[in-house]
Each structure stands twice: as structure tokens, then as C-alpha cells.
Amino acid sequence: NAGVTQTPKFQVLKTGQSMTLQCAQDMNHNSMYWYRQDPGMGLRLIYYSASEGTTDKGEVPNGYNVSRLNKREFSLRLESAAPSQTSVYFCASSEGTNDIQYFGAGTRLSVL
Amino acid sequence: QKEVEQDPGPLSVPEGAIVSLNCTYSNSAFQYFMWYRQYSRKGPELLMYTYSSGNKEDGRFTAQVDKSSKYISLFIRDSQPSDSATYLCAIIQGAQKLVFGQGTRLTINP
């Protein structure tokens, strides 16, 4: 059971570069989420997709865009990376938006 | 004031001790309460889930919710070195809103 799969696991970018973080789930869940985790800050929601075809901003959306490609896949794009976006990024999915969320293993991103 | 407050620790205890981890929350509309465990360099995994006041037990773990005081706790009995991890409380307020505490880093010393 793969669950939630994130790629890549690690990435180093230079300021101003762009990249896309990929996330796929095989649990047939309707809702998907992107979080960032910083020391002392816990997990903060960047964007979520309640269902296929919809996306909404979370607590910290600035500097990010998302695409719900299909029911399985939800990508996060950094158009012009900044050092403040150095963080660990987690994707999660749930059956509905009030349900238990299941997390991927994370992507460690460093922006120099 | 943060919606969910959790002492970040770190907390270090000897093997076999009883561990108490706590969170407070500010919004009485919070309905569902969870504890996630996160090992180093891994994603969070669900440990306990409850929606009512009182205790819920699962093996060595007990989740306690006191809605009148807006206080949730996780107790670990007979703690083991394998319990060393960061523990995050998480609360569902309503649709699309899962709010996490900062996480408490726990170390169980053999």
C-alpha cells in the first residue's frame, strides 16, 4: 500500500528558480492538501483541494500555486523560489474534508 | 492567541515512565480531536482520534478530551524508546480546517 507518494524527497534551489512538487494518492480520496512544516511553527496549510476540480487557499498561500490534475494527483508549484520557502513540505489526503488526513513522507526543500 | 497551543518541549523521560502530552485550544466549535506521531524525517501518522469528551484507550495510549476546559491530553504508559518522536495534536474545526499544535518532541531514554 503506497498511500500518499511525494516526489522529490529532497531539492535544492537557487533564489528565483521554479519547481513543482508532485503528490499522488492511491486511496481514492476526494480531498488533498499541501502543508509546510517549519521549526516551532507546526504544520501550516498552504492550499487544499476539497474535491477534483476545486482548489482553495489555506493559511500561507503566498508564493505558491497548485493544480489538482485529477483525483489522484495534486501538485504544488513555486514560480520564483525565495529563501523563506526553505521548509519541509507535506502532502496529505482524506476521504472528505472532515476526515482523517493521511500524510506523505515529505519533500525537504532548501532555497539558497 | 494561537488556536491550538502545545508545549514544544523537548521532553525527555526514562523508559517505563508515564508520559503526559497536552494541548489547549481556544475555539469551542472544535469538534474532532487527533494525535499524530511523527518520527524523524517522516510524515505524521495518525495515532488517536476522538470526537467526544472523556477517555479513549488504545493499548498503551490514552487520549483524553475535556471540552469544558478546552484541553486535550495524550498519555503513554510504560513508555518505550520506540515512542521517541514528535507528537502533534490536531483539531478539526469544521470543513477544510485541520489545525495543528506546534508539536512536542519526546525522547524515551533506555
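Observations
- Within the stretch B:22-52, the only residue that satisfies the criterion of being open to solvent by 70 Å² or more (accessible area, probe 1.4 Å) and away from every other protein chain (no Cβ under 14 Å) is B:SER28.
- Wholly within the stretch A:1-65, strands (runs of 3 or more DSSP E) carrying at least 3 residues that are open to solvent by 20 Å² or more (accessible area, probe 1.4 Å) and within 11 Å of chain B (Cβ to nearest Cβ): A:42-49
- In summary, A:LEU78 fulfils each of the numbered conditions (1) more than 11 Å from the chain's Cα centre (by Cα); (2) at pLDDT 95 or above; (3) within 20 Å of A:VAL111 (Cα to Cα) with the single exception of condition (1).
- Between B:SER28, B:SER73, the distinction of being over 15 Å from the mean Cα position of the chain (by Cα) and in contact (Cβ under 8 Å) with a residue 40 or more places away in the chain belongs to B:SER28 only.
- In the stretch A:95-112, the residues that are buried (at least 16 other Cβ atoms within 10 Å of the Cβ) and polar (S, T, N, Q): A:THR97, A:ASN98, A:GLN101, A:THR107
- Counting only strands (runs of 3 or more DSSP E) that fall entirely inside the stretch B:56-110 and contain at least 2 residues that are facing chain A (nearest Cβ under 10 Å) and either in contact with a Cys (Cβ under 9 Å, 6 or more places away or on another chain) or open to solvent by 10 Å² or more (accessible area, probe 1.4 Å) (or both), the qualifying elements are B:85-94, B:97-100.
- Residue in the stretch B:76-96 that is nearest to the chain's Cα centre (by Cα), counting only those that are more than 30 Å from B:PRO110 (Cα to Cα) and hydrophobic (A, V, I, L, M, F, W, C): B:ILE91
- Residue in the stretch B:8-21 that is open to solvent by less than 80 Å² (accessible area, probe 1.4 Å) and acidic (Asp, Glu) present: no
- The residues on offer are A:SER31, A:SER51, A:SER87, and the sole one that is modelled with pLDDT of 95 or more and among the small types (Gly, Ala, Ser) is A:SER87.
- Meets criteria (over 15 Å from A:THR5 (Cβ atoms), out of contact with any Cys (no Cβ under 9 Å at 6 or more places or on another chain) and either of a type in the set (D, E, K, R) or within 14 Å of another protein chain (Cβ to nearest Cβ) (or both)) for A:VAL88: yes
The values are calculated or read from the model by the stated rules, or taken from the named source; none is laboratory data. What you see is a predicted model; the values in this text were computed from it and never measured. A quick note on method: Cβ atoms are made from the backbone with ideal geometry, for glycine too, and the neighbour counts reach across all protein chains shown. We work out accessible area using only protein heavy atoms, side chains counted, and drop any ligands, DNA or RNA first. Shrake-Rupley method; radii C 1.70, N 1.55, O 1.52, S 1.80 Å.
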